1. Can you name every residue in region 62-72 that is in a loop (DSSP other than H, G, I, E, B) and in contact with a Lys or Arg (Cβ under 7 Å, 6 or more places away or on another chain)?
2. Out of the residues in region 1-29 that are over 18 Å from LEU84 (Cβ atoms) and either part of a helix (DSSP H, G or I) or at pLDDT below 95 (or both), which is farthest from the ligand (Cβ to nearest atom)?
3. State the number of residues belonging to region 122-143 that are within 16 Å of LEU221 (Cβ to Cβ) and in a helix (DSSP H, G or I).
4. Condition check: among the β-branched types (Val, Ile, Thr), part of a loop (DSSP other than H, G, I, E, B) and surrounded by 23 or more Cβ atoms within 10 Å (Cβ to Cβ). Does THR108 satisfy that?
5. Could you list, ordered by first residue, the pairs with Cβ atoms under 6 Å in which the first is in region 61-80 and of a type in the set (Val, Ile, Thr) and modelled with pLDDT under 95 and the second is more than 16 Å from the ligand (Cβ to nearest atom) and not in a loop (DSSP other than H, G, I, E, B), at least 6 apart or interchain?
6. Mind checking which residues of region 134-166 are among the aromatic types (Phe, Trp, Tyr) and modelled with pLDDT of 95 or more?
7. Of the residues in region 216-232, how many are within 16 Å of the ligand (Cβ to nearest atom) and out of contact with any strand residue (DSSP E or B) (no Cβ under 8 Å at 6 or more places or on another chain)?
8. Out of (1) over 30 Å from ASP88 (Cα atoms); (2) surrounded by fewer than 21 Cβ atoms within 10 Å (Cβ to Cβ), what's the single condition that is false for GLU317?
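The values are calculated or read from the model by the stated rules, or taken from the named source; none is laboratory data. What you see is a predicted model; the values in this text were computed from it and never measured. Backbone-built Cβ (ideal geometry, glycine too); neighbour counts: all protein chains shown.
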Amino acid sequence: MNPPINIFDYEVLAQASMQPVIWDFFYGGSDDEVTLRANRSAFERILLRPRVLMDVNTCDISTSVLGIPVSMPVLLAPSAAHGLAHPDGEFATVRAAGAANTLMTLSTESTRSLEEVAALAQGPLWYQLYIYTLEEAQGMVQRAEQAGYTAIVLTVDLPRYSRRERDLRNDMNSYQQAHYPDAFSGNAPHLSVDGSDNQNTYIGDTITWDILPWLCSITSLPIVVKGILTAEDAELAINYGASAIIVSNHGGRQLDGVMPTIEALPEVVASVDGRCEVYMDGGIRRGIDIIKALALGARAVLIGRPVLWGLAVNGQEGVQHMLELLRSELTLSLRLAGCASLADIQRSLVQLP
Ligand SMILES: Cc1cc2nc3c(=O)[nH]c(=O)nc-3n(C[C@H](O)[C@H](O)[C@H](O)COP(=O)(O)O)c2cc1C
């Protein structure tokens, strides 16, 4: 195949380069994968209403998230076990994010430790938290704060691990234990939220909104709540102390049948009404997807699988190139839409179905 010129090319190359078991783990969703597909198809139903004869000779896509400058409104979503995609694992990812001047969110279930990743960072980092025990979570949060992470991203859509039927059929757990025993345990020896390891003490199905004030009491870092899909929960997140919200359905990997995130976004944005920053993830593959998300009120988007495709194809360089492809698509599409900066993206730029 010719060199990749968009994220879908990376996806094809990534699949060709991976063991099918690993591909299924990265690509797949839960149950019937209805939400996984909907995250993409929903973008195609939203149309753009461009303006013409605007001066778009320069086009500025820099912005900030929670006061942190980033070169574009595209952040790296947390995803587990980058060592399954490339031997350098999160070392490659963090270098690529730094080179692109954007922010990386490190998963609790990373292959490399949060301290090792921070030591290589040239850009901002957030730490994504799953709560196994309160004691361990407190330790993780303190480690992250000490290592220089600037926010804690609490993932709230995983009270329990969903059924990922591709992984069940492939017996992914046994495959991973046999071939990549340390892939998920960079931060603590026993991590793996799917319960495959009997030492797991994951308490995600017992925690409630009170976890937010507790987190605020143990750290001075802002808390970003990831996995909100409704106005009701957005309101609660703000009331309980969240500094920002990520509209997310875990890339179609948790409750199947939930709405695609680009369709959930407007209701959350309306409910938040400017009281905190709102980001979204799920299905972002093109510059125009980013424009649609920003027009509907997101301050930035996060990308999950595209990072893994870049990693699998060409390590750090692959992730960097994938990010540059997205950056150039975004600036070109903005110009074609008549926008000289992100501030020019108005709600009227999109037409909902
Ligand atoms: C292989 C894989 C692993 C993931 N691991 C995590 C994780 O450890 N923590 C988390 O909060 N979200 C995790 N996610 C969800 C992503 O953060 C993000 O919500 C999702 O991938 C966005 O959708 P996209 O892949 O279509 O961009 C994971 C997603 C994938 C594909």
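1. Start the filter on region 62-72 by keeping residues that are in a loop (DSSP other than H, G, I, E, B), which leaves 62, 66-67, 71-72.
MET72 - this is the single residue of region 62-72 that is in a loop (DSSP other than H, G, I, E, B) and in contact with a Lys or Arg (Cβ under 7 Å, 6 or more places away or on another chain).
2. The first filter runs over region 1-29 and keeps only residues over 18 Å from LEU84 (Cβ atoms), leaving 1-9, 12.
Checking which are either part of a helix (DSSP H, G or I) or at pLDDT below 95 (or both) leaves us with 1-3, 7-9, 12.
Working: MET1: 22, ASN2: 24, PRO3: 22, ILE7: 10, PHE8: 12, ASP9: 16, VAL12: 16 Å.
Among those that are over 18 Å from LEU84 (Cβ atoms) and either part of a helix (DSSP H, G or I) or at pLDDT below 95 (or both), it is ASN2.
3. First, the residues of region 122-143 that are within 16 Å of LEU221 (Cβ to Cβ): 124-129, 131, 137-143.
Going one step further and asking which of them are in a helix (DSSP H, G or I), we end up with 137-143.
Total meeting the criteria: 7.
4. Yes: the conditions hold for THR108.
5. If the second residue must be more than 16 Å from the ligand (Cβ to nearest atom) and not in a loop (DSSP other than H, G, I, E, B), no pairs are left.
6. Initial filter on region 134-166 (among the aromatic types (Phe, Trp, Tyr)): 149, 161.
The answer is TYR149, and nothing else.
7. Taking region 216-232 and keeping what is within 16 Å of the ligand (Cβ to nearest atom), we get 223-229.
Okay, now just the ones that are also out of contact with any strand residue (DSSP E or B) (no Cβ under 8 Å at 6 or more places or on another chain), so none.
Total satisfying the criteria: 0.
8. GLU317 satisfies all of (1) over 30 Å from ASP88 (Cα atoms); (2) surrounded by fewer than 21 Cβ atoms within 10 Å (Cβ to Cβ) except (1).
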